[in-house]
Amino acid sequence: MADLLIELFSEEIPARMQARAAEDLQKLVTNALVEAGLTYAHASAHATPRRLALALEGLPAETKPVREERKGPRADAPEKALEGFLRSTGLTRDQLEERDDKKGKVLFAVIEKPGRPAAEIVAEALEGAIRNFPWPKSMRWGAGSLRWVRPLQSILCILTDESGATVVPVDIDGIRSGDVTHGHRFMGARDLKVNNFDDYAAKLEANKVLLRAEDRAEKIRHDAEQLAFAQGLEVVEDRGLLAEVAGLVEWPVVLMGEIADDFLGLPPEVLQTSMKEHQKFFSVKNPATGRIERFITVANIEAPDHGATILAGNKKVLFARLSDAKFFWENDLRTPMVQMAEKLENVTFHAQLGSQAQRIARIASLAGLIAPMVGADSALAERAARLAKADLSSEMVYEFPELQGIMGRYYAEEAGEAPEVAAACAGHYAPLGPSDDVPTAPVTMAVSLAEKLDILTGFWAIDEKPTGSKDPYALRRAALGVLRIVLENGLRVRLSGLIDAAQEQLMGQGSGHIDAAARADLLSFFADRLKVHLKGEGIRHDVIAACMAEGEDDFAPLVARARALQGFLGSADGENLLQGWRRAANILAAEEKKDGVEYSLDPIANLAEEGAEKALFAALDAAAPKIEAALKAEDWDGAMTAMAELRAPIDAFFTDVVVNAENQTVRRNRLCLLNRIRAQVAPVADFGALEG
């Protein structure tokens, strides 16, 4: 067995492309090898700013010989049929065999392919991968036809076995493969001969290159935290930035610098965003005040002055960037939020749904209507909604769109608005995703619900709904946000009523109308989002269906019922009761179909025989008021407990009693008894929707 090592060495690969490129290299090469019959035991791919590397273990020296038989046309078939078969096999007529068949003599082709050396297959696979590499963007250089993300400089490709390493010959536009890699651009040796992957990784590290991205990220995280801790500070966690910076350096050197006093009064999110977006700096905060006071930068070189010159240069650039941010902040504070909001009259939200200002007016009216339902003050909710999107016209949000909402909160606080209003400015967009926290403050809940309901009803009114994987207006996210706010805050609201209220705002502006069909479709959309959400929690789709009545739009009790039912079905009582219910339902359906009647009358207890049949009557009589009381109190666990009491009597009934008795009066009464079992369970859940 042999091990394969490939390295494609180039100018700097953009950090955002590195992880995907390593995966693509592994996929392209391994797929080609396996297709050619060359298997392997293990694969690993790596990327640094200047190289892609792939290591495979356990390759055989050559592929196994292959013998293939193909059945062709009859021996007396027309010439054209024979020619087509010969072309597909690559053989001549005299190389075919004639064999007896039911229909006479038939031609067979026996194709024998000898094993091929691993090196030959690897060379073909690597050349194919390089020439067809799926870079998002690529370039040509020189006179060659090869395209690569940046100029490709060298190819390392070796197979290593017990006898040592052998170069796999590859030549792509004059770039010939070898067994040499290169260390760090400034601190490492130019040419490093390697024998295998372990030797390769060790020599790179000795020459200031950490091959594994996770190792570079961990070094940055560790060194940054240590520098901050030594000053009594904390690094603001940013996993995305950490992954990006790990792709910018081959030998990370972490340096910490100070932020000029001029900028320490800026909101921490402004400092953090400006430093991240413009310079890829990590923010360092004072845990006592929450204020951003330092920055972490990651160099790609160990400087003789321990980074003093690098930090000085970074501070100059940072001063200029933060000066801009400070100007935006101070200029925005001079503009009252009401005036900011008025500027949105000139910003179109959607051609058919009006301007941003019109949308804000709809949201404000709707928030005022929703406020009492969530325990909020209507006046505060309307005020918050009118100011919540004002920061969209600010200079700061124009420069950093990701700060929308966050800046609204700061502007509201500086303007002396109520704390509830400021909080709603920041929180009304939430939740932005399935893992994002939902608003819990009443005013914020009212504005957030209004904002999401407006966008949903608006786009349903103009018939621009999500289709397939396309959802340009993030309507699925908006619907999920409404559901999570309702469910996680235990709100008792009917979505149909909220949709009607949102529709009134649209109609008042002449921006659209939701007819009965569209309204039902939107409610169905919410129901589908709920199923997806609950499925993510581990609740079975059939359990959800069993609890969801047609037109159901008060989802909080529905979800509580589904959770209780799933727990009940996971117990022995629940599973056995379901089986008993199924048996009753199946017998009843079969007999009703055969007799052409419905057995829906109340069964008569006096016609029951002593023993299991009378016991079932008694159990149903005892359980009925308990189930009814539990359902009225929305005590779903209590309803399940009451149903569990029916399990043993139903089991005993089917064990001891013949339903289709010879006495027709007794038979009809027993079929009506089965209907009572079915009817008594129905208010709790539709057992017919449950899978086996």
Potential lengthening between Ser323 and Thr335 on full extension [0.36 nm per residue; Cα-Cα distance subtracted]
2.4 nm
Between Ala351 and Leu264, Cβ-based FRET efficiency (R0 41 Å, step 0.05) works out to 0.40
Roughly speaking, what is the stretch gain from Asp305 to Ile111, that is 0.36 nm per residue apart minus the C-alpha to C-alpha distance, in nm to one decimal?
62.9 nm
Just in the stretch 202-260: which GluC sites (Glu not before Pro) are loop by DSSP and have at most 12 other Cβ atoms within 10 Å?
Glu237
If all Cα-Cα distances of the stretch 386-541 are sorted into 10 Å bins from 0 onward, what percent lands in each bin, rounded to whole numbers?
10, 36, 36, 16, 2
When only C-alpha pairs under 8 Å and at least 6 residues apart count, what is the relative contact order of the chain, in percent?
7
Likely footprinting exposure, Asp3, Asp305, Asp595, fewest C-beta neighbours within 10 Å first
Asp305, Asp595, Asp3
Can you tell me the mean projection area, over all orientations, of the convex hull of the stretch 66-113's alpha carbons? Units nm², please.
3.2
Taking the chain as the region of interest, what is the percent of Cα-Cα pairs per 20 angstrom bin, listed from the shortest bin to the one with the maximum distance?
13, 26, 31, 24, 5, 0
Ranked Ser600, Ser365, criterion: other C-beta atoms within 10 Å, fewest first:
Ser600, Ser365
When only Cα pairs under 8 Å and 6 or more residues apart are kept, what is the percent relative contact order across the stretch 213-333?
29
What FRET efficiency do you get for Ile587 and Lys632 if R0 is 41 Å and r is their Cβ-Cβ distance, rounded to the nearest 0.05?
0.85
With a cut-off of at most 13 other beta carbons within 10 Å, and DSSP calling the residue loop, which trypsin sites (Lys or Arg not before Pro) in the stretch 98-180 qualify? Please list them.
Lys102, Lys103, Lys137, Arg140
Calculate for the chain the 222 nm mean residue ellipticity that helices alone would give, adding -39,500 (n - 2.57) per DSSP H run of length 4 or more and normalising by residue count, nearest 500 deg cm²/dmol.
-16000 deg cm²/dmol
Which of Lys632, Lys614 has the fewest Cβ neighbours within 10 Å, and the rest in rising order:
Lys632, Lys614
Dimensions (Å) - the stretch 213-333, Cα atoms, principal axes, largest first
44, 28, 24
Convex hull projection area averaged over all views, the stretch 568-689, Cα basis, nm²
7.3
Calculated FRET efficiency, Glu127 and Ser44, Cβ-Cβ r, R0 30 Å, to nearest 0.05?
0.90
What is the stretch 283-359's relative contact order, in percent, from Cα pairs under 8 angstrom and six or more apart in sequence?
13
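Since every read-out is calculated from the coordinates, none of them should be taken as a lab result. No experiment lies behind these values; they were computed from the predicted model shown. Every residue, glycine as well, gets a Cβ built from its backbone with ideal geometry; the counts of neighbours run over all protein chains shown.
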